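Okay, so here's the structure we're looking at.
The values are calculated or read from the model by the stated rules, or taken from the named source; none is laboratory data. What you see is a predicted model, and the numbers here were worked out from it, not measured in a lab. Counting neighbours? That spans all protein chains shown, and the Cβs are built from the backbone with ideal geometry, glycine included.
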């Protein structure tokens, strides 16, 4: 790969024809241009593949992979991470938004500090609101109620970093710019077939903290889209090929992984947090099962 290319931008897509071209065009507006784009189409049934193929023919910085069959989101994320050969890597959802200086500002931060393994701009959420008359979508940014609401600097010593992030428990930090060697070391998406744990983004961040600290850059921003629709966790996990046991005992599986990954000392130092995880998960799953039972009795549409 060209030595001038400093960062790989990974874009996992599935039926993303509505956003992918505009997203690529927004990347072209970045103040930092020494990048490569890896797009992995996970068996789309719309025009996503056609659009991506055309874009890759125009710009040789775009490497496009088309998969005939949808192999699941975890598989696709793992595929992309493993195809990064540059110094830095960032995962970019096809419908998310960066400030124009996002790449430049965060890469500069990492270039200046070897103790940092990742850097991201301040994060906020947004919705696309469709006009009933024009049918055009407008972006509505949701104002954060506090600083570092969805992403947070994580520093101090390892045991403090782990304890803090267990309590913080947020996934968007996965969309930081990382050193490729570190994200490939921590990449938990490759473990799905062996471990069966959901929230691989959160688990990846926990593991990468073994390598160093995380930074939040106040000079750039990252907007992440949220759906206005309410989704069932059980439905999502079933669609992502989790087994019944993996759904029911997700946090027990997580606690077991944590013990093996971080050892008995950190495990028992954080045992209260882990117990709370398991209690909260049990309530969530039982609640969903009760709601499903109610929908069956009242003959409403099932979640799953």
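Listed by position, the strands (runs of 3 or more DSSP E) inside the range 88-176 whose residues that are assigned by TED's automatic domain parsing to the domain that holds residue 16 and either over 20 Å from the mean Cα position of the chain (by Cα) or farther than 18 Å from residue 27 by Cβ (or both) number at least 2 are 116-130, 137-142. Of everything in the range 235-260 that is in contact (Cβ under 8 Å) with a residue 24 or more places away in the chain and more than 21 Å from the chain's Cα centre (by Cα), the residue that is nearest to residue 159 (Cα to Cα) is 252.
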